[in-house]
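What follows is calculated from the coordinates using simple rules that are stated; it is not laboratory data. Predicted model only: the values in this text are computed from it and were never measured. Cβ sites come from the backbone with ideal geometry, for glycine too, and all protein chains shown count toward neighbours.
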Amino acid sequence: PAPAPRRPIRELPDELISQIAAGEVVERPASVVRELVDNALDAGAHQITLRLLAGGVRLISVEDDGGGIPREELPAALKRHATSKISNLAELESVHTMGFRGEALAAIHSIADVSLLSREVGSDDGHAWMLHGRTGELAPAARTHGTTVEVRELFYATPARRKFLKTDATELAHCLEAVRRHALARPDVGFAVWHEGKLVEQWRVCHQGEPQAALAQRLGDVLGQDFLAQSLALDWQGQGIRVWGRTGLPDAARARADRQFAYVNGRFVRDKVISHAARSAYEDVLHGQRQPSYALFIEIDPTRVDVNVHPTKIEVRFRDGREVHQAVRHAIENALAKPRSAAGTEAAG
Ligand code: ADP
Ligand code: MG
């Protein structure tokens, strides 16, 4: 067929730009859950409560007890490229918040019905404010300090995307996985998830001050006491890099790679360098297709890792991948070697 006649270059309307951008950030309800929980954590929340309807498609509500948003800034929260977290390039390069792009709420707002209910800590006007995203209406409301973001009817404006969603049960499972990823990294924060009016998960705040002890408690709560019993603490320090957390005994290996949690400077990541390093640490002790389980926390100088390579920040780029590979591999090998030699001594004695 003949090519369509060329049309002049035009800037896209704002709303369409947002909808296109939304496609990169929001794949399914779990993506919204991840972004909203990121925001709650950035706001300093101690307790985060999620309420979902129909696997999150009809409603995702995330309530936190963080610092809140002042009334006059509520409309800006839904604007594209609007953020309170960075203001220049230097801050981008050493960013320590989960968010910084100022895109999530705008993206979600362009493909769903969003409302914000917030009361700023120490606000003196005595009440909270509610912003209806669709109408732009701002009205006084009641709540204690913190923020509740409600997202209704995801993808209502983009039915083609909505068709890709799976059953409510599957979408709920993805949402729970997103919360689990956050929960393992933040034992100091309590999480509760309600679905269709029923409490489906609840992880209480761990008051353990020591990170390794707090992680152990949270891992037991989230993944089960059996996982905890079948895992080992690890802590390995190299040049400008530390790898700590817990890794499963070979017996705790699973058919699926569904218990592999890796974090870089507190952010959950999917990374081939890390998963390959972990896999190779288990080389001699895991057979066939069995998958190791772990929760690894990699702490590295923020200037040695770029988190701004993917809209959802689930992928990162290391300046020196080999160094990270070695650190992860050594950390796990060290931990695994200990009980094996102990068992050997026992057998010998
Ligand atoms: P980013 O997190 O990258 O800044 P978002 O679109 O996720 O971008 O959020 C925009 C802004 O709205 C944030 O920078 C923050 O100031 C504010 N905000 C969003 N959610 C919350 C919340 N739960 N508590 C306090 N402020 C929030
Ligand atoms: Mg954000």
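Structure data summary
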{"item": "Ordering of 4-12, 327-335, 38-46 by burial proxy (mean other Cβ atoms within 10 Å per residue, highest first)", "result": "327-335, 38-46, 4-12"}
{"item": "Förster-model FRET efficiency, 41 Å R0, T170 and A2, C-beta, rounded to 0.05", "result": "0.40"}
{"item": "Sum of -39500 (n - 2.57) over DSSP H runs of 4+, divided by residues of the chain (222 nm, nearest 500)", "result": "-10500 deg cm²/dmol"}
{"item": "Per-pair calculated FRET efficiency, R0 = 22 Å: K198 and A255 via Cβ, rounded to 0.05", "result": "0.15"}
{"item": "Theoretical gain in end-to-end length, E299 to E91 [0.36 nm per residue, Cα-Cα removed]", "result": "73.0 nm"}
{"item": "Longest to shortest principal axis, alpha-carbon extents of the chain, angstrom", "result": "76, 63, 44"}
{"item": "Radius of gyration and Dmax over the Cα atoms of region 211-348, both given in Å", "result": "14.9, 55"}
{"item": "Hypothetical label at S123: residues of region 54-75 whose amide nitrogen lies under 11 Å (7 Å Cα-Cβ projection)", "result": "68-75"}
{"item": "Cα-based Lys pair tally, the chain, threshold under 30 Å, eight or more apart or on separate chains", "result": "12"}
{"item": "Gained length - T158 relative to I314, 0.36 nm times residue gap less alpha-carbon distance", "result": "53.7 nm"}
{"item": "Dimensionless Rg ratio for region 14-203, taking C-alpha atoms and the 2.2 N^0.38 Å reference", "result": "0.98"}
{"item": "Relative contact order for the chain, counting Cα pairs under 8 Å that sit 6 or more residues apart, in percent", "result": "15 percent"}
{"item": "Mean Cβ count within 10 Å, highest first, over the residues of peptides 65-72, 161-168", "result": "65-72, 161-168"}
{"item": "Compactness of region 54-94, expressed as Rg and Dmax over alpha-carbon positions, Å", "result": "14.4, 42"}
